[in-house]
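Colleague: Here it is, the structure in full.
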Amino acid sequence: MAIPRRRHQHHHSRVRFLFPAIFAVSGIILFLFLFLSILAPSPNDDNHLRHLRRDDSSGGKGGGNEIKVPSSRVKISAGVHNRDLWSSKNSKFFYGCSNASSKFAKAKTITHPNRYLLIVTSGGLNQQRTGITDAVVAARILNATLVVPKLDKTSFWKDSSDFSDIFDVDWFIKHLTTDVTIIKDLPLRRGQLWTPHRMRVPRKCSDRCYINRVLPVLMKRHAVQISKFDYRLANKLDTDLQKLRCRVNYHALKFADPILKMGEKLVQRMRMSSKHYIALHLRFEPDMLAFSGCYYGGGDKERTELGKIRRRWKTLHNSNPEKARRQGRCPLTPEEVGLMLRALGYGEDVHIYVASGEVYGGEETLAPLKALFPNFYSKDTIASKEELEPFSTYSSRMAALDFIVCDESDVFVTNNNGNMAKILAGRRRYFGHKPTIRPNAKKLNRVFLNRNNMTTEEFSSRVHTFQRGFMGDPKEVRPGRGEFHENPSTCICEDAEAEKKMDWDHRKSGKDNVAKKKDGDDRKKDIEAVVHDENVDYEPEMTDPEDEEEDEDNPLGEVSLGSSKSEALSNGTSTDYDSSMSEDTELDELLSD
């Protein structure tokens, strides 16, 4: 009997220790369950962005195109899309640098007497701005005195403003005095008015092209006027010439006082309404849509209206709207811009300034954007008619006011890749990499088409992914990529001391290796995204129909085609000639104007 009793005691002892162990394990499991419950997102979070999708119901006006607006800010998943909405990453380590090198001779030592260059710009304000900038560099290449450029007064934009009406001409001359000799008017010749020799140069003409084509004429005639001067200088030039471009564009070209003062008033009024604001440059005018050849679902009415306008440009091919859309060559609609911004994390409380001309479809087209961003402003809503009256009949002066408000904004957004978008992108890079969002239209097109078939988290995630490399961050675009006015990489320097300090701070906090690896990975992804997805010139800047006719008749002005070609061949510059001819006549170049 002794043995069974010992077995019973042993079994009782094991049971006595088993219960506490079970309770302990159960407590741990319960604790972990509660902990995970706290960390898990609310069931409603997944549905938070669903209101951004179109209502597919067949009822209601607009054929199921109504937009339901969320009642609070769009949420962003922590860790995946964790970024500052109002500043660019690492922007403090980069700065604009455009001083001339010690090898860049002073203007007075290299300018030849009796050698005058006159320039007539083409297009609206921003095309004129690129023309003026490149005119200074062209004068430097030719060692010529530059006469203050004349602005286009006869083309599509019909603005009678002179240079001094838009820009501070005295500041322009004085600021560049060491680089190029500039005078206001061509001097008299033997006491009489002097008619300069007129000619044209091909698009993106290199410094060698100017020396071979223009210099011989200038030495013979002493005064040469080049007309239709937009994008007539090569993208890639010597470093000192590129830095001169930056000195002109970012320092010498200052708006005239009346424009500056009114522009500052508009900025102050936006700042009074909110600490931060977004500026949107919205190109959605009937002429622009017709020129682009895109289609936006307006049926036969849209096709008829835009087709009639499109016939103004005789050299445009028949359009394939679906192909243009796939290639990212169509400007985003106002609604699509609003959806993109909301997906990027900008809430309905954000104040937005819209710079635009006549929007095709008027208020009906703007309604979805205004629903997403009720704090909606333009210069017409924050300034009185009396205040705008001195500018209202001049398209370039009105554009200059928008330029100032967009430039001073915390975030600049565009639905296109036209001249203003490019120039402001470059300017904002130069002055501190302020966030500049340009849509990756090629990739976003697929997202917008399929957004009804994805959750709002998926929609937001894809927008973030495809916009990487299109947000205005430092080193986002490779040096030499795109137009120089858009990516002035030669004029942007990196603050090595500041970066060393950042590395030292990371070391002290024990985060150096992780942070550097993450930053390197992010930067690599950004660069790769732009290399593969960059859709340069996906949105055309309109040309004047009259310009096309003139280019067709005589693309190179008074220089005969036969002599130009033989001269180019004899000087070893046949590539300049061949490329210039294709650039003046091919549709792709028309689209990039």
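The values are calculated or read from the model by the stated rules, or taken from the named source; none is laboratory data. The structure presented is a predicted model; accordingly, all values stated were derived computationally and were not measured. As a convention, Cβ positions derive from the backbone with ideal geometry for all residues, glycine included, and neighbour counts pool all protein chains shown. Side chains are part of the model used for accessible areas, which takes the heavy atoms of the whole protein and leaves out ligands, DNA and RNA. Shrake-Rupley method; radii C 1.70, N 1.55, O 1.52, S 1.80 Å.
Colleague: Of K301/K385; K265/K308; K275/K301; K150/K261; K153/K204; K103/K174, which sit over 31 Å apart, Cα to Cα?
Modeller: Distance filter (> 31 Å) returns K301/K385; K265/K308; K275/K301.
Colleague: Provide the per-residue ³J(HN,Hα) series for region 260-267, in order, calculated from phi with Karplus coefficients 6.51, -1.76, 1.60 and θ = phi - 60°, each as a whole number of Hz, with x at glycine and proline positions.
Modeller: 4, 5, 5, x, 5, 4, 4, 5
Colleague: Ignoring ligands, DNA and RNA, what percent of the 1.4 Å accessible area of region 137-295 is carbon and sulfur?
Modeller: 51 percent
Colleague: Let me ask you something else. What is the gain in length, in nm to one decimal, between S489 and A105 on full extension, counting 0.36 nm per residue of separation less the C-alpha to C-alpha distance?
Modeller: My answer for the length gained is 136.0 nm.
Colleague: Please pull out the direction-averaged projected area of region 144-303, using the convex hull of its alpha-carbon atoms, in nm² to one decimal place.
Modeller: 14.9 nm²
Colleague: So what is the accessible area of region 110-203 per residue, in Å², with the probe set to 1.4 Å?
Modeller: Value for region 110-203: 40 Å² per residue.
Colleague: Also, I was wondering about something else. How do the peptides 104-113, 461-470 rank, highest first, by the average count of neighbouring beta carbon atoms within 10 Å per residue?
Modeller: 461-470, 104-113
Colleague: Now, a different point. Which cross-chain or sequence-distant (5 or more) residues have an amide H under 5 Å from the amide H of F167, H modelled 1.01 Å from N in plane?
Modeller: HN-HN under 5 Å from F167: A256.
Colleague: Could you please state, rounded to a whole Å, how far the C-alpha centre of region 300-373 is from the C-alpha centre of region 109-182?
Modeller: The two parts, judged by their Cα centres, are 34 Å apart.
Colleague: Based on the mean of other beta carbon atoms within 10 Å per residue, what is the order of 258-269, 408-419, most packed first?
Modeller: With the highest mean Cβ count within 10 Å placed first, the list reads 408-419, 258-269.
Colleague: Expected output is a single nm value to one decimal: the length gained when fully extending between E358 and E386, i.e. 0.36 nm times separation in residues minus the C-alpha distance. What is it?
Modeller: Residue separation times 0.36 nm, minus the Cα-Cα distance, leaves 8.0 nm.
Colleague: Going by Cα centres, region 440-460 and region 211-242 are how many Å apart?
Modeller: About 46 Å separates the Cα centre of region 440-460 from the one of region 211-242.
Colleague: Per-residue HN-Hα couplings for region 466-473, Karplus 6.51 cos²θ - 1.76 cosθ + 1.60 at θ = phi - 60°, whole Hz, x for Gly and Pro?
Modeller: 6, 8, 5, x, 10, 10, x, 6
Colleague: Shifting gears a bit: Can you work out ³J(HN,Hα) from phi for every residue in region 363-375, in order, using Karplus 6.51 cos²θ - 1.76 cosθ + 1.60 and θ = phi - 60°, giving whole Hz and x for Gly and Pro?
Modeller: 5, 5, 6, 7, 3, x, 5, 5, 5, 6, 10, x, 7
Colleague: Right, here's the next one. Per residue, what accessible area does region 264-422 have, given a 1.4 Å probe and all protein chains present, in Å²?
Modeller: On a per-residue basis, region 264-422 sits at 41 Å².
Colleague: Now a separate question. Need one number: nm distance between label points at T177 and A496, each 7 Å from Cα along Cα→Cβ, rounded to one decimal.
Modeller: Result: 3.5 nm between the two label points.
Colleague: Regarding region 308-391, what whole-number volume in Å³ per residue does the convex hull of its Cα atoms give?
Modeller: Each residue corresponds to 149 Å³ of Cα convex hull volume.
Colleague: Continuing with the same structure: Which peptide among 126-137, 323-334, 179-190 comes first, and what is the full order, when sorted by highest mean count of other Cβ atoms within 10 Å?
Modeller: The most tightly packed comes first, giving 126-137, 323-334, 179-190.
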